[in-house]
Amino acid sequence: MIQEHSQVIIDFVRQNHWWALPIVFVLAFAESLAFISMLVPAWGILVAIGALINMSGLVFWPIWLAAAAGAACGDWVSYWFGFHFKDRIAHIWPLPKYPDLLPRGHAFIERWGIPGVFVGRFFGPLRAAVPLIAGILEMDYWKFQLANVLSAMLWAYVLLAFGDIGFEYLKKLF
């Protein structure tokens with residue numbers, strides 16, 4: 001079912017280039033937003049859209065910026081949630097189903113601090129939990145945002161370039 005929805009989105013972007021930027025922004029936002037990221041496997045769709053870039057005549061840089069902006073906004077909202085709701089977060093669905101997620105993220109942030117925000121972007125469930133926990137711990141806002149934006153730019157580049165370069169490599173093989 002998820003694969004069917006993913007294919008619909010990919011086909012839509014292929015046929016409607018002007019929708020690529022807002023769709024990529026929303027996908028990256030959802031992938032980085034606490035709670036929602038557990039429901040929306042957007043990274044795979046972003047890689048697939050990366051593969052569409054050269055094949056469909058899309059331009060890489062605007063799509064990359066849309067993905068980076070979406071990811072940074074998702075982390076910012078997660079940070080805000082953590083900062084404002086603190087301990088009540090553990091009782092919000094779906095976190096009661098994953099009782100080890102917050103303690104693992106907390107230990108990760110305690111150990112790594114700001115570099116942990118950067119690195120956490122690249123590891124599945126930590127991607128959305130780290131900004132939430134950074135907010136709960138009241139991590140310095142501007143240091144958090146610096147790590148957030150820089151990691152979002154690199155993360156978006158890697159996902160889209162992986163799809164773009166991977167597609168070009170496969171074309172050469174076949």
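The values are calculated or read from the model by the stated rules, or taken from the named source; none is laboratory data. Computed from a prediction, not measured in an experiment: that's the story for all the values here. As a convention, Cβ positions derive from the backbone with ideal geometry for all residues, glycine included, and neighbour counts pool all protein chains shown. Note: accessible area is taken over every heavy atom of the protein model, side chains too, but ligands, DNA and RNA are not part of it. Shrake-Rupley method; radii C 1.70, N 1.55, O 1.52, S 1.80 Å.
Would you confirm, using the coordinates I've provided, whether L27 is open to solvent by 20 Å² or more (accessible area, probe 1.4 Å), touching a helix residue (DSSP H, G or I) at 6+ places or on another chain (Cβ under 7 Å), in a helix (DSSP H, G or I) and not aromatic (F, W, Y)? For L27, the condition - open to solvent by 20 Å² or more (accessible area, probe 1.4 Å), touching a helix residue (DSSP H, G or I) at 6+ places or on another chain (Cβ under 7 Å), in a helix (DSSP H, G or I) and not aromatic (F, W, Y) - is not met. Within segment 30-56, the set of residues being open to solvent by less than 70 Å² (accessible area, probe 1.4 Å), farther than 18 Å from C73 by Cα and in contact (Cβ under 8 Å) with a residue 60 or more places away in the chain comprises V47, A48, I49, G50, A51, L52, I53. Counting the residues of segment 91-116 that are open to solvent by less than 80 Å² (accessible area, probe 1.4 Å) and in contact (Cβ under 8 Å) with a residue 40 or more places away in the chain gives 3.
Among the residues examined, W76 does not qualify as in a helix (DSSP H, G or I), free of Cβ contacts under 8 Å to residues at least 12 places away in the same chain and of a type outside the set (D, E, K, R).
Residue by residue, here is whether (1) over 30 Å from A90 (Cβ atoms); (2) in contact with an Asp or Glu (Cβ under 8 Å, 6 or more places away or on another chain); (3) in a helix (DSSP H, G or I) holds:
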residue	(1), (2), (3)
I23	yes, no, yes
V40	no, yes, no
W43	no, yes, yes
I53	yes, yes, yes
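Residues considered: A48, A71, A90. Of these, the only one that is closer than 24 Å to N148 by Cα and within 12 Å of the chain's Cα centre (by Cα) is A71. For V59, the conditions (1) open to solvent by 30 Å² or more (accessible area, probe 1.4 Å); (2) within 20 Å of M153 (Cα to Cα); (3) of a type outside the set (F, W, Y); (4) in contact (Cβ under 8 Å) with a residue 40 or more places away in the chain are fulfilled apart from (4).
Out of everything in segment 117-130 that is among the hydrophobic types (A, V, I, L, M, F, W, C) and surrounded by fewer than 16 Cβ atoms within 10 Å (Cβ to Cβ), what residue ends up being farthest from the chain's Cα centre (by Cα)? Looking at residues that are among the hydrophobic types (A, V, I, L, M, F, W, C) and surrounded by fewer than 16 Cβ atoms within 10 Å (Cβ to Cβ), I get V119.
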